[in-house]
Amino acid sequence: MAMTETSNHNEINKTDHVTSIWWIVAAPAVWAVHFLASYLTAAIFCAKFADSDGSAGEVQLAVMAYTVVAIVIIAGVGWSGRRRHRDGHDRSPHDGATTADLRRMIGLSTFLLSLLSAVATVFTALVFYFVETCH
Amino acid sequence: MSFLLIGDHSQSTLDPAGHGAAQIADLFHWMLGGGVLIWLIVVGLAVYSVVVPGGHRPRLTKTLVIGGGAVFPTLVLTSLLCYALAMLPELHRPPPQASLTIDVSGVRWWWRVAYRTGENQRVETANEIRLPVDQPVEFKLTSEDVIHSFWIPALGGKVDMIPGRETRLKLHPNRVGTFRGVCAEYCGTAHAQMAFDVLVMPQADFEQWLRGQQRDVSEPSGPAATAGRALFHRKGCGACHTIRGTDAGGRVGPDLTHFGSRLSLGAAIKPNDADNLRRWISRTHDVKPGVQMPAFEMLNRDELDSIVAYLEQLN
Ligand SMILES: [Cu+2]
């Protein structure tokens, strides 16, 4: 758009690590890993190590630890996304063909998906919080 | 058996007659309420944005869209999730050790039912389950062919029956009555005709019934029923059906030892009366397309009547 700041040709075509599209999938990937790790831990623990009453307190502790790690990573990703989105004084929409706008757009997507991933991770963890046994 | 008359034959989760179903009904109502609330707010905001003329203040717009469109639904869904998850442990907890245990296996397209009456002792029946009121009961579920799903909506949730595996379901009926159970997983041609009756009865009546089920059949009385028994064997019915106390020991079809006392026939698709029974035996595939029992069209009217008289006496 006309309102975006001027940029030279080199800058547009340069992709550095902060404009990488991969940032967008980082938070959902953390959620996916957290989800798999939680259920795999439960499945393996319940099949191999649970005692006769089927209590799964160890699984709950493990999932709690996974959750803290996941939320910290997601928060970091989300925070850096938000920072990049806020960079400069430009107003949205950020749809100019410039590196600066690309950066802001990826930043916003990263930020919003981090929020979603955080909620999804908490939802996964809640299951383990409430369901205390292998039954 | 006067309680049979007051049965309402309900098949509704929202008219619960057991602990599990009552919780599911509560959950349904809360989820409905939460869903309606979210819908009203989101659609209300959309309508507001269109209907109210002129520009909207950006700050307020932002608050309403983010608050009403994202934060509020997330909070409502999180509370509903917690409410639902908090129900699970109790629903899944196995019942006390000495509770009634019933084995049910799904067979295309009927239900094999066996009450565990003692150490290594079981009494088999089919297509009808009777339960004592206010007692927890545990079902051990399996399948002999494809995946079926065991569901008595008025009493609780459903659980899949999987070949080669045993799944569990605990129910706790709290109201006397007659209910309907169904197969809730598509399993072939006659899936929709794979149901069963559930009779929840006072403890004493239940015990009396179970004692009756443990008995073998007695001699048929009257010439028709006696002829019917002979025909039952001669026509080969016994190759597929068991009648305890006789030579009939087949396991392909439902146990008929106390068939006369069942409310319905053909996996709860018709009331168990003489007319329906005649039709069932002579025109089996018209009554239940796809059924795994051959139709006995060659029987003449007398023969049919005799077999029907015999089966009706199997109380
Ligand atoms: Cu079925």
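The values are calculated or read from the model by the stated rules, or taken from the named source; none is laboratory data. The shown structure was predicted, so the numbers you read here are calculated from the model rather than taken from an experiment. With ideal geometry, Cβ positions are generated from the backbone for all residues, glycine too; neighbour counts draw on all protein chains shown. The protein model used for the area step is the full one, side chains on, heavy atoms only, and it has no ligands, DNA or RNA in it. Shrake-Rupley method; radii C 1.70, N 1.55, O 1.52, S 1.80 Å.
Phi angles across segment B:246-261 convert, under the Karplus curve 6.51 cos²θ - 1.76 cosθ + 1.60 with θ = phi - 60°, into 3J(HN,Hα) values of 10, 7, 6, x, x, 10, 6, x, x, 5, 10, 3, 10, 4, x, 8 Hz, Gly and Pro given as x.
Annotation: B:R122 carries an accessible surface of approximately 130 Å², with a 1.4 Å probe and no ligand, DNA or RNA atoms counted.
Run the numbers for B:Y186 and B:Q208: contour at 0.36 nm per residue of separation, minus the present Cα-Cα distance, in nm. Numbers along the way, then the final one.
Details: separation 22, 0.36 × 22 = 7.92 nm, distance 3.56 nm.
Net length gain for the segment: 4.4 nm.
Dimensions of chain B based on its C-alpha atoms, expressed as ranges along the principal axes with the largest first, amount to 92, 43, 40 Å.
Obtain the radius of gyration and the Kirkwood radius of segment B:223-313 from its C-alpha atoms and give Rg over Rh. Please list the in-between numbers first.
Values: Rg = 11.9 Å, Rh = 13.0 Å.
Rounded to two decimals, Rg over Rh is 0.91.
Between B:R215 and B:D273, how high is the FRET efficiency from 1/(1 + (r/R0)^6) when r is the Cβ-Cβ distance and R₀ = 35 Å? Nearest 0.05. Here the calculated transfer efficiency is 0.90.
Protection proxy ranking, highest mean first, for peptides B:75-85, B:169-179, A:27-37: B:169-179, A:27-37, B:75-85, where packing is the per-residue count of other beta-carbon atoms within 10 Å, averaged.
With unit charges on the beta carbons (Lys and Arg positive, Asp and Glu negative) and the dipole taken about the Cα centre of chain B, which residue among B:W30, B:T167, B:H191 sits farthest to the positive side? So the residue furthest toward the plus end is B:W30.
Go ahead and run the numbers for FRET between B:R122 and B:A239, Cβ-Cβ distance against an R0 of 22 Å, rounding to 0.05.
Values: r = 22 Å, r/R0 = 0.99.
The formula returns an efficiency of 0.50 here.
Residues of the protein assembly as shown: accessible area per residue at 1.4 Å, in Å²? Spelled out: the 1.4 Å probe surface of the protein assembly as shown, per residue, equals 53 Å². For B:L100, the residues 5 or more places off, or on other chains, whose built amide H falls under 5 Å of its own are B:E138. For a straight C-alpha distance cut-off of 16 angstrom, the aspartates and glutamates reachable from A:K48 (same-chain residues fewer than eight places away being disregarded) are A:E58.
Within the listed set B:T189, B:T63, B:T257, the residue fluctuating most in the Gaussian network model of chain B (springs between alpha-carbon atoms under 10 angstrom) is B:T63. Here the accessible area of the protein assembly as shown is 62 percent carbon and sulfur, with a 1.4 angstrom probe and all protein chains present. The H on the amide N of B:L265, modeled in the peptide plane, is under 5 Å from the matching H of B:K270, B:N272, each at least 5 residues off or on a different chain.
Excluding ligands, DNA and RNA, what is the accessible area buried between chains A and B, summed over both sides, using a 1.4 Å probe, to the nearest 100 Å²? Let's see the in-between values first.
Details: alone 8750 and 16130 Å², together 24030 Å².
Heavy-atom accessible area buried at this interface is about 800 Å².
Couplings for segment B:151-167, taken from phi via the Karplus curve 6.51 cos²θ - 1.76 cosθ + 1.60 with θ = phi - 60°, read 9, 10, x, 6, 9, x, x, 10, 9, 5, 10, 10, x, x, 9, 10, 10 Hz in order; Gly and Pro are left as x. Cross-link partners for B:K288 among the lysines, with Cα-Cα distance under 22 Å and sequence neighbours closer than 8 places in the same chain left out: B:K235, B:K270. Here's the list of lysines a cross-link from B:K140 could span, going by alpha-carbon distance under 18 Å and ignoring same-chain residues fewer than 8 apart: B:K158, B:K170. When the trypsin sites (Lys or Arg not before Pro) in segment A:48-103 are filtered for DSSP coil states and for at most 15 other beta-carbon atoms within 10 Å of their beta-carbon, the remaining sites are A:R91.
Calculate the dipole size of segment B:244-305 relative to its Cα centre from +1 charges on Lys and Arg beta carbons and -1 charges on Asp and Glu beta carbons; express the result in debye to the nearest 20. Mind dumping the intermediate values first?
On the way: 9 positive and 9 negative charges, 55 e Å.
The dipole of segment B:244-305 has a size of about 260 debye.
You can think of it this way: the chain between B:S99 and B:N174 has 25.5 nm of extra reach, that is 0.36 nm per residue less the Cα-Cα gap. Look at the stretch A:112-121: the mean tally of other chain Cβ atoms within 10 Å of its residues' Cβ atoms is 1.
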